[in-house]
Amino acid sequence: MDAMTPEYNRSKIHQHKFALWVGIGSIIMMFGAFTSAYVVRRASGNWFEFKLPDIFLLNTAVIVLSSITIHLSYKAFVNGAEKRYKALLITTFLLGIAFVILQYYGWQAMDAIGATFTVNPSSSFIYVISGLHAAHVLGGLGALTVAMVHAFVLPYKPTPRRKLRFELVVQYWHFVDILWVYLIVFFMVQS
């Protein structure tokens with residue numbers, strides 16, 4: 001079979017998707033290392049036990065909702081519902097900002113119960129891990145900003161190239177959502 005035949009090209013993963021998934025794999029490894037270090041350090045003793053503030057549960061609901069809105073936005077984009085696509089894209093962006101703000105409030109709530117950044121490795125790990133996650137959400141907000149520029153500056157036209165770009169943003173956003181759900185469950189189980 002010739003490498004240039006359409007059948008061959010359709011079965012390959014797009015290079016941008018491949019790059020995204022390689023990046024996601026690296027991020028998974030990094031967070032896997034941090035959560036493993038958390039477990040190992042916790043077993044060493046001198047561990048400050050505290051209940052994770054409830055605001056982190058609200059934060060989880062916000063990011064899960066944002067994953068739903070971006071999925072619906074993509075569906076609307078593909079199906080020709082331009083206004084719905086744009087409204088849901090803006091909603092996703094605002095929910096992403098709300099997540100980061102609530103993350104900050106979560107850190108303040110931890111500080112208020114004495115779980116400061118420097119008091120004990122238990123709280124330090126949570127600040128570092130959740131802070132790194134928030135940094136990845138900020139990166140996703142940057143990608144959403146570009147998607148909004150495309151939505152509002154370019155004429156509406158769901159071309160294969162624009163679908164691919166938006167799909168990459170959607171996949172990354174779903175990833176940071178799933179990653180947060182994993183982290184919050186991990187923290188609650190370990191507490």
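The values are calculated or read from the model by the stated rules, or taken from the named source; none is laboratory data. Because the structure is predicted, anything quoted here is derived from the model rather than measured. With ideal geometry, Cβ positions are generated from the backbone for all residues, glycine too; neighbour counts draw on all protein chains shown. Please note that ligands, DNA and RNA were not included when accessible areas were found on the heavy atoms of the full protein model with its side chains. Shrake-Rupley method; radii C 1.70, N 1.55, O 1.52, S 1.80 Å.
Below are the figures for this structure:
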item: Selected from TYR105, TRP180, ILE68, residue furthest toward positive end of dipole (region 61-188; charges at beta carbon); result: ILE68
item: Formal net charge of residues neighbouring VAL128 (Cβ-Cβ distance under 15 Å; K, R +1; D, E -1); result: +1
item: Under the Karplus curve 6.51 cos²θ - 1.76 cosθ + 1.60, θ = phi - 60°, whole-Hz ³J(HN,Hα) for region 139-144, x wherever Gly or Pro sits; result: x, x, 5, x, 5, 5
item: Helix axis angle, 160-190 relative to the chain longest principal axis, alpha carbon, degrees; result: 20 degrees
item: Cα-centred dipole magnitude for region 57-191, charges only on beta-carbon of K, R (+1) and D, E (-1), debye, nearest 20; result: 760 debye
item: Highest-fluctuation residue, PHE77, PHE48, PHE175 considered, GNM on the chain with Cα pairs under 10 Å; result: PHE48
item: Karplus-derived HN-Hα couplings along region 122-129 (A = 6.51, B = -1.76, C = 1.60, θ = phi - 60°), whole Hz, x at Gly and Pro; result: 4, 6, 4, 4, 5, 4, 5, 5
item: Unsatisfied cross-links (Cα-Cα over 22 Å) in the set LYS75/LYS163; LYS12/LYS86; LYS12/LYS157; LYS17/LYS83; result: LYS12/LYS86; LYS12/LYS157; LYS17/LYS83
item: With Cα atoms, 0 to 90° folded angle of helix 82-112 axis to the chain main axis; result: 10 degrees
item: Shape parameters for region 133-191, alpha-carbon atoms, Rg then Dmax in Å; result: 14.9, 50
item: Solvent-accessible area, 1.4 Å probe, carbon plus sulfur percent, for the chain; result: 70 percent
item: Distance from region 62-130 to region 35-51 (C-alpha centre basis), Å; result: 25 Å
item: Region 31-90 - charge dipole about Cα centre, Lys and Arg +1 at Cβ, Asp and Glu -1, debye rounded to 20; result: 160 debye
item: Table column - 3J(HN,Hα) (Hz), region 30-45, Karplus curve with 6.51, -1.76, 1.60, x for Gly and Pro; result: 5, 5, x, 5, 5, 6, 5, 4, 4, 5, 5, 5, 4, 5, 6, x
item: Packing-based ranking, highest mean first, of 65-76, 28-39 given that Cβ atoms within 10 Å are counted; result: 65-76, 28-39
item: Acute angle (nearest 10 degrees) that the helix 55-79 long axis makes with the longest principal axis of the chain, alpha-carbon atoms; result: 0 degrees
